[in-house]
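Novice: Attaching a single structure in structure tokens format; questions to follow.
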Amino acid sequence: MKTLYSQFTAKPGCADEVAELLLGLTADVRREPGNTAFDPYRESDDPDRFYVFEAYVDDEAFRAHLGMPYGRPFNDRLNDLIVEPHSMLTFLDPME
């Protein structure tokens, strides 16, 4: 299992466009055969802050996700709309 979350902050006035862009990506990623979760969130107290929980069956599925044709256009547009230089990724390990 490959699990991570990403986080990013919309520039002032860009949050609704980020949300729309993210929801479009969500539909695509959820159709990937190796994806088991792609759940976007908006922070309750700061609607400019976004979080995405992602899970893939394995490293190979995650690498396939990175190579999908819709990924680069999404990230290129997102990077124009957010404060950070790119979405910040945190990889997670299960506690068993």
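Novice: Could you identify the single residue in Ser44, Ser6 that is over 14 Å from the mean Cα position of the chain (by Cα) and polar (S, T, N, Q)?
Specialist: Being over 14 Å from the mean Cα position of the chain (by Cα) and polar (S, T, N, Q) holds for just one of Ser44, Ser6, which is Ser44.
Novice: Here's something else I'd like to know. From the residues in region 1-48 that are in contact with a helix residue (DSSP H, G or I) (Cβ under 7 Å, 6 or more places away or on another chain) and among the basic types (Lys, Arg), which one is farthest from Leu81 (Cα to Cα)?
Specialist: Ranking the candidates gives Lys2 first.
None of the figures in this text is laboratory data; all of them are computed from the coordinates on show. Treat the numbers as computed from the prediction; the structure is a model and nothing was measured. Note that we place each Cβ from the backbone using ideal geometry, even for glycine, and neighbour counts take in every protein chain shown.
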